[in-house]
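Report on the structure given below.
The values are calculated or read from the model by the stated rules, or taken from the named source; none is laboratory data. The shown structure was predicted, so the numbers you read here are calculated from the model rather than taken from an experiment. Here the Cβ positions follow ideal geometry from the backbone for every residue, glycine too, while neighbour counts run over all protein chains shown. These accessible areas exclude ligands, DNA and RNA; they are computed on the full protein's heavy atoms, side chains included. Shrake-Rupley method; radii C 1.70, N 1.55, O 1.52, S 1.80 Å.
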Amino acid sequence: MKRIGVFTSGGDSPGMNACIRAVVRAATYNDVEVYGIKRGYNGMIKGEIARLESHAVSNIIQKGGTILRSARSREFMTREGRQAAYEQLCRFGIEGLVAIGGDGTFTGANIFYEEFGVPTMGAPGTIDNDLYGTDYTIGYDTAVNTALDAIDKIRDTADSHDRVFFIEVMGRDSGYIAIPCAIGGGAELVMIPETETNIDTVVETLRTGWNRSKTSFIVIVAEGNVEGNAADIAAKVQQALPYMDARVTILGHVQRGGSPTASDRMLASQLGIACVEGLLAGRKNEMAGLINATLTYTPFIDTITKHKLISPHYLGMVNILSV
């Protein structure tokens, strides 16, 4: 294999640039040409492909976002779109791909190989940390620290004004961001998609704390929580506890941006190199990850279909530490 392509797809995450840099440098080290594909599968279809020399990825390791841009492609979901993408790769002589993204990205890569035989190695780039086959995903550590910094500031004003704040963090299908934010931010409650925390429980927990002369509270809400978003929950609690001053903060896309932490830079660099080495060793349709600090390769089909569970121990920690 003498020519590979690299692209980022789906939601951006801090550390994607560090991973791109690692792919380019690892390929160059092994005398392999690298082509950057802009805007994910959309750019692949349209031929937005250009050579990336080693110097092209200088001074990007500390930058958030992705220099290759990112997009979700409806066209690639069709056979015709994938055919067009394959023709573009052939035009540039690209023999293998490194995909930096999440389960949607890897689903597309898996289908692409079945139809056209293009081998792909994946690096898990998502702040949600919800991919099976790795303990941590690229961007997760940065997102948690970004959210936690905001929560610390909100706690100051909650304490000053005797308020209960409902803080919504990202996590449509996963509570992996919410849990460390709740533990590290000293929250009284956390609400995540994986477990059902009904409004009655929230109300009773806050009432009990109030009766113990506690006057400020933090409730962390993952956006995919079954009881609704933070605003819905706050309105219901305010109705049940009218003497409490409830406020809502939605952290939103601020969690996706910013300079990656040292942990994310290290992880992205290690997995970017692992993807290139995997391709050169004949691997395909696998995601590189770290489990118990050991490099592992997990088939895309497992990453896509198997669920990464949150330990109930962490939920127990929130209950213990909020007493």
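Of all residues in the range 123-143, count the ones that are crowded, with 24+ Cβ neighbours inside 10 Å and more than 13 Å from Lys308 (Cα to Cα).
Result for the range 123-143: 10.
Being touching a helix residue (DSSP H, G or I) at 6+ places or on another chain (Cβ under 8 Å) and either of a type in the set (Gly, Ala, Ser) or on the phi > 0 side of the Ramachandran plot (or both) is the filter here, so list the residues in the range 12-38 that pass it.
Passing the criteria: Ser13, Gly15, Ala18, Ala22, Ala26, Ala27, Gly36.
Please go through the range 85-112 and give me each residue that is open to solvent by less than 10 Å² (accessible area, probe 1.4 Å) and among the aliphatic types (A, V, I, L, M), ordered by number.
Ala85, Leu89, Leu97, Val98, Ala99, Ile100, Ala109
List the residue pairs whose Cβ atoms are under 6 Å apart, where the first residue sits in the range 207-221 and is without any contact (Cβ under 8 Å) to a residue 12 or more places away in the chain, the second is open to solvent by 50 Å² or more (accessible area, probe 1.4 Å), and the two are 6 or more positions apart or on different chains.
Listed pairs, sorted by first residue: none to list.
Gly175 passes all but one of (1) in contact with a Pro (Cβ under 8 Å, 6 or more places away or on another chain); (2) free of Cβ contacts under 8 Å to residues at least 24 places away in the same chain; which number fails?
(2)
Anything in the range 241-270 that is in contact with a Leu (Cβ under 8 Å, 6 or more places away or on another chain) and part of a helix (DSSP H, G or I)? List them, or say none.
Hits for the range 241-270 are Leu267, Gln270.
Condition (residue is buried (at least 24 other Cβ atoms within 10 Å of the Cβ) and out of contact with any His (no Cβ under 6 Å at 6 or more places or on another chain)) applied to the range 53-65: is it met by at least one residue?
Scanning the range 53-65 turns up no residue that is buried (at least 24 other Cβ atoms within 10 Å of the Cβ) and out of contact with any His (no Cβ under 6 Å at 6 or more places or on another chain).
Which members of the range 42-80 meet the condition of being within 22 Å of the chain's Cα centre (by Cα), touching a residue at least 12 places away in the same chain (Cβ under 8 Å) and over 19 Å from Val23 (Cα atoms)?
Asn42, Ala71, Arg72, Ser73, Phe76, Met77
Which members of the range 187-199 meet the condition of being open to solvent by less than 30 Å² (accessible area, probe 1.4 Å), out of contact with any Ser or Thr (no Cβ under 6 Å at 6 or more places or on another chain) and in a loop (DSSP other than H, G, I, E, B)?
Scanning the range 187-199 gives Ala187, Ile192, Thr197.
Here is a check on your reading of the model: is Ile179 over 16 Å from the mean Cα position of the chain (by Cα), open to solvent by less than 40 Å² (accessible area, probe 1.4 Å) and modelled with pLDDT of 95 or more?
no
Output yes when any residue across the range 49-65 is in contact with a Lys or Arg (Cβ under 7 Å, 6 or more places away or on another chain) and in a loop (DSSP other than H, G, I, E, B), and no when none is.
Taking every residue of the range 49-65 in turn, at least one turns out to be in contact with a Lys or Arg (Cβ under 7 Å, 6 or more places away or on another chain) and in a loop (DSSP other than H, G, I, E, B).
Out of all the residues in the range 139-157, which are of a type outside the set (Val, Ile, Thr) and closer than 9 Å to Thr261 by Cβ?
Asp141, Asn145
I'd like to check something: does the range 1-14 contain any residue that is open to solvent by 40 Å² or more (accessible area, probe 1.4 Å), in a loop (DSSP other than H, G, I, E, B), hydrophobic (A, V, I, L, M, F, W, C) and farther than 17 Å from Thr126 by Cα?
Within the range 1-14 (the criterion being open to solvent by 40 Å² or more (accessible area, probe 1.4 Å), in a loop (DSSP other than H, G, I, E, B), hydrophobic (A, V, I, L, M, F, W, C) and farther than 17 Å from Thr126 by Cα), the answer is yes, since at least one residue qualifies.
Return yes when Leu309 is over 18 Å from Met170 (Cβ atoms), open to solvent by less than 10 Å² (accessible area, probe 1.4 Å), in contact (Cβ under 8 Å) with a residue 60 or more places away in the chain and of a type outside the set (Gly, Ala, Ser) and no when it is not.
Taking the combined requirement at face value, the residue does not satisfy it.
Would you check which residues across the range 16-35 are out of contact with any Gly (no Cβ under 7 Å at 6 or more places or on another chain), assigned to a strand (DSSP E or B) and open to solvent by 10 Å² or more (accessible area, probe 1.4 Å) and list them?
Glu33
Which residue is most open to solvent (accessible area, probe 1.4 Å), if the candidates are limited to the range 271-285 and must be part of a loop (DSSP other than H, G, I, E, B) and small (Gly, Ala, Ser)?
Filtering the range 271-285 for residues that are part of a loop (DSSP other than H, G, I, E, B) and small (Gly, Ala, Ser), the one most open to solvent (accessible area, probe 1.4 Å) comes out as Ala281.
Checking Gly228 against (1) within 19 Å of the chain's Cα centre (by Cα); (2) at pLDDT below 95: exactly one of these is not met. Which one?
The failed condition is (1).
Between Ala262, Ala268, which is small (Gly, Ala, Ser), modelled with pLDDT of 95 or more and open to solvent by 40 Å² or more (accessible area, probe 1.4 Å)?
Answer to the check: Ala262.
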